[in-house]
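The values are calculated or read from the model by the stated rules, or taken from the named source; none is laboratory data. Worth saying up front: this structure is predicted, and the values here are computed from it rather than measured. Positions of Cβ are generated from backbone atoms using ideal geometry, with glycine treated the same way; all protein chains shown enter the neighbour counts.
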Amino acid sequence: MAEDRDDAPEAERLKFLAELVKKLADVFEFALRLISHPITTVFGALEKREDKERFKEAFYFLAAMLCIWFVLEIPMFLYRGIKLGVLSGLVLFAVEVIAYFLLAVSYSLVLHLLLRIWGVRSDLPHTIPAYFYTSISIPVYAILVYPLDFLKYHVIDKAGTIEILLRPAEYARIQGEVLQVWGRNWAGILNLLQVVVNIWAVVVFVYLSIILARWYRAKYFRCFSATSLVFVLISAFERFVLEPVSAYIEVLFAKS
């Protein structure tokens, strides 16, 4: 009897690991299907009868994209001195993941309201999961902004303090000095990358418009108008609110 009791915790651990491996395999399989057949895969997920199943698959996919993003960001974490073994680095990652999830939910709610305003019969159990699938942009975005991030941390190194992120005018001046040292070609490359980042964001929202138009059997113009307005609102919010707050948080965690 004592041996049975000792084996119970081990059996529970093995069961938990088996379930975890199965969920990870499901996420990986879904990601592969999405990449190979994006629209068909999303509609297959949205057409599930139970709201719980739709949200589960969309959440799994969002989680998978965030995990890929984290892996891609590991070299940058190490480069800027936020080590993975340090508690502040792990807390920073947790804060960023939670913030992204809450923002995705908030953006999808705004999209739902705008779709209704434009006469599209949007419902949350479909619009929220559909928006979650835009997280496919995260890994591509993480790769595209690598050079821009390296520029930022060269500016920090030259300034001698990460608090330079909180002083936009001085930051712009030092960035100009860094780019002058790097050469004219680097300035052109970085400007081009910024354009590509913006184009990629537009492509993702056009893709979202197609999904919504087909699912709700609505005119594409109405869905595109709603998603375009959401894109403009998100861009303005990130530029004037999220970027300054993110800089403050980065300074806070780097100094902790």
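Considering segment 9-45, and only residues there that are of a type in the set (V, I, T) and over 22 Å from R214 (Cβ atoms), the residue that is farthest from the chain's Cα centre (by Cα) turns out to be V21.
Can you find a residue that is modelled with pLDDT under 95, surrounded by 15 or more Cβ atoms within 10 Å (Cβ to Cβ) and over 22 Å from I136 (Cβ atoms) anywhere in segment 190-210? Looking through segment 190-210, at least one residue is modelled with pLDDT under 95, surrounded by 15 or more Cβ atoms within 10 Å (Cβ to Cβ) and over 22 Å from I136 (Cβ atoms). Looking at (1) surrounded by fewer than 18 Cβ atoms within 10 Å (Cβ to Cβ); (2) touching a residue at least 12 places away in the same chain (Cβ under 8 Å); (3) β-branched (V, I, T), which is the one condition that is false for I156? So the condition that I156 fails would be (1). Taking the conditions (1) free of Cβ contacts under 8 Å to residues at least 12 places away in the same chain; (2) in contact with a Phe, Trp or Tyr (Cβ under 8 Å, 6 or more places away or on another chain) in turn, N198 satisfies each one other than (2).
The one condition from (1) exposed (fewer than 12 other Cβ atoms within 10 Å of the Cβ); (2) of a type in the set (A, V, I, L, M, F, W, C); (3) at pLDDT 80 or above that A25 does not meet is (3).
Could you say whether any residue in segment 156-173 is closer than 20 Å to A104 by Cα and either more than 23 Å from the chain's Cα centre (by Cα) or part of a helix (DSSP H, G or I) (or both)? So that I can check it myself, show each step before the final result.
Start the filter on segment 156-173 by keeping residues that are closer than 20 Å to A104 by Cα, which leaves none.
So far as segment 156-173 goes, no, none of its residues is closer than 20 Å to A104 by Cα and either more than 23 Å from the chain's Cα centre (by Cα) or part of a helix (DSSP H, G or I) (or both).
Kindly list the number of the only condition in (1) surrounded by 10 or more Cβ atoms within 10 Å (Cβ to Cβ); (2) of a type in the set (D, E, K, R); (3) part of a helix (DSSP H, G or I); (4) modelled with pLDDT under 75 that fails for R13. The single condition R13 does not satisfy is (4). Here the helices (runs of 4 or more DSSP H) wholly within segment 182-256 that include at least 2 residues being farther than 19 Å from L165 by Cβ are 184-215, 220-237.
Report yes if some residue within segment 21-41 is farther than 29 Å from Y207 by Cα and part of a helix (DSSP H, G or I); otherwise report no. Yes, segment 21-41 has at least one match.
Among the residues of segment 171-182, those identified as under 20 Å from F240 (Cβ atoms) and surrounded by 14 or more Cβ atoms within 10 Å (Cβ to Cβ) are Y171, Q175. The single residue among R239, R222, R217 that is loosely packed, with under 14 Cβ neighbours inside 10 Å, within 22 Å of P38 (Cα to Cα) and among the basic types (K, R) turns out to be R217.
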